[in-house]
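Here's the structure, in C-alpha cells; my notes come after.
Every number here is computed from the coordinates shown, using simple stated rules; none is lab data. In this text the structure is predicted, and so the values were computed from the model without any measurement. Cβ coordinates were reconstructed from backbone atoms using ideal geometry, including for glycine residues, and neighbour counts include every protein chain displayed.
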C-alpha cells in the first residue's frame, strides 16, 4: 500500500482516504509516486481544501478517472471544516466515498469491526472458501464470508491489522497467477487449495468487447509559440481537465474534410499524428491536426508550448501533445 500503519496502531485517516481514492481502478505500482507527490504537495486535508481545483487536477493528471479528484477536493473542504467522521454513515456521506472506501477508512483508521473487500481480499476469500461462481455474481457470497470473518476474535480485536494483513496477503502471496500457497499462513484452512482450485479462482464472466470511438483534436500555435487549450465541462468524462480543442468522440470515423470543418479557426491544417488510447468502457482513436497562425482568434486560453507540463492534461491529451511535438515541422 502507499501508506503503512504500524501493527496495533490506527493509520492517519487522511492518508488512508487519499490512498483508497487513488487506488480505485488503479494499481498500487501506478499510485505510489502520485501518492507521495500528492502528500508532499498537500500534506493535510486542510492544505488540499485550500488549493484551487485546477492545482488538484494538475497533480492528479495521468491517474485517470478524474471525478475522483473533484470528489477528493470537495471532500477535503468538508473534512477541513468538520473533521473526519468516524462513524460508517458519516463516512458514506462524504463525496466519492462508497461502501468499500468507507469500510477501509473505518477499519484502518478508526478500528471499525469490518472487513473491507477490495480486489485482493476478494481473491483471498474466494480461494479460502472455494467460491466458484464467476464474478460479479461471486461478490454476494464473498461479502457473506467477509462479514463472518469480521466476527472472529482476532478480527474484532485488531480490525486495522486484519484489513492490512488481508490486503498484503492478496498482493504478495495469494496473487492472481501462481499463488505461493506453500508460504500462505491460511493454507491449512483454504478450501480452494484442498480442492485444487486456488489458482483458478476467482472465476470471471467473459467480458464483452469494448466499443471503438473516434475523434479529432487540433494543435493551434500562434506566432509567440503559444498553444490554444480549453477546459472540458466539469461533469462527465475527464470533467474539468484541460484538452486540445476537438470534435466529439463517436462510433463512426471522422472524414478529414468533415473534421476540419470543426477546427477552432481557419489555417493550413495538416495531419500531425495519430493516437490510440484505452478507457475502461471503450477504446479511442484520435487524429491530431496542427497549424500555425500569427494570431489565435478562437475560444479557449493560451499556454506557451514549453510550459504545458503543469497543465491538467489527462493522459490521452498528453499523447496528443507528444504526437505533435515529435513532428519536426512544429
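Have a look at the DSSP beta bridges in the chain and tell me what percent are antiparallel, nearest 5.
Details: 17 of 28 bridges.
For the chain, the DSSP antiparallel bridge percentage is about 60.
Working from Cα positions, state the angle (0 to 90°, nearest 10) between the long axis of helix 119-128 and the longest principal axis of the chain.
Once rounded, the angle reads 30 degrees.
Treating the angle as unsigned and between 0 and 90°, give the value, to the nearest 10°, between the Cα long axis of helix 13-23 and the longest Cα principal axis of the chain.
Here the helix axis deviates by roughly 60 degrees.
So what is the relative contact order of the stretch 1-153, in percent, for Cα pairs below 8 Å that sit 6 or more residues apart? Working shown, then result.
On the way: 155 pairs, mean separation 31.5, N = 153.
Answer for the stretch 1-153 is 21 percent.
What percent antiparallel are the DSSP beta bridges of the stretch 190-289, to the nearest 5?
Beta bridges within the stretch 190-289, antiparallel portion: roughly 65 percent.
Between helix 28-41 and the chain, what is the angle of the helix's C-alpha long axis to the longest principal axis, kept within 0 to 90° and rounded to the nearest 10?
In the chain, helix 28-41 runs at an angle near 70 degrees to the longest axis.
With a cut-off of 8 Å between alpha carbons and a minimum separation of six or more residues, what is the relative contact order of the stretch 212-325 in percent? Numbers along the way, then the final one.
Numbers: 225 pairs, mean separation 43.2, N = 114.
Relative contact order comes out at 38 percent.
Using alpha carbons only, how many angstrom separate the centre of the stretch 39-61 from the centre of the stretch 97-164?
Between the Cα centre of the stretch 39-61 and that of the stretch 97-164, the gap is 30 Å.
Which of [x] 44, 25, 15; [y] 31, 28, 18; [z] 34, 25, 18 is the computed semi-axes √(5λ) of the Cα gyration tensor in Å for the structure on display?
[x]
How much length is gained if the chain between residue 26 and residue 208 is pulled fully straight, taking 0.36 nm per residue apart and subtracting their Cα-Cα distance, in nm to one decimal? Display every interim value, and only then the final one.
Values: separation 182, 0.36 × 182 = 65.52 nm, distance 2.07 nm.
Once the chain is fully extended between residue 26 and residue 208, it gains 63.5 nm.
Can you tell me, using C-alpha contacts under 8 Å and at least 6 residues apart, the relative contact order of the stretch 143-213 as a whole percent? Each step should come with its number before you reach the end.
On the way: 23 pairs, mean separation 10.9, N = 71.
It rounds to 15 percent for the stretch 143-213.
With the cut-off at 1.5 for a/c, could you classify the stretch 212-325 from its C-alpha gyration tensor as rounded, prolate or oblate? The partial results should precede the final answer.
On the way: a/c = 1.68, a/b = 1.24, b/c = 1.36.
Since a/c reaches 1.5 but b/c is at least a/b, the shape of the stretch 212-325 is classed as oblate.
Taking the highest mean first, how do the peptides 74-85, 229-240 order by number of other beta carbon atoms within 10 angstrom per residue?
Details: 74-85: 16.5, 229-240: 14.9.
Listed from highest to lowest mean packing, they are 74-85, 229-240.
Suppose the chain between residue 302 and residue 113 were pulled fully straight at 0.36 nm per residue; how much longer would it get relative to their current alpha carbon spacing?
Values: separation 189, 0.36 × 189 = 68.04 nm, distance 5.21 nm.
Between residue 302 and residue 113, full extension yields an extra 62.8 nm.
Once you sort the root eigenvalues of the Cα gyration tensor of the stretch 94-156 as a ≥ b ≥ c, which label holds: rounded (a/c under 1.5), prolate (a/b larger than b/c) or oblate (the other case)?
Working: a/c = 2.59, a/b = 1.34, b/c = 1.94.
Oblate shape, in that a/c is at least 1.5 and b/c is the bigger or equal ratio.
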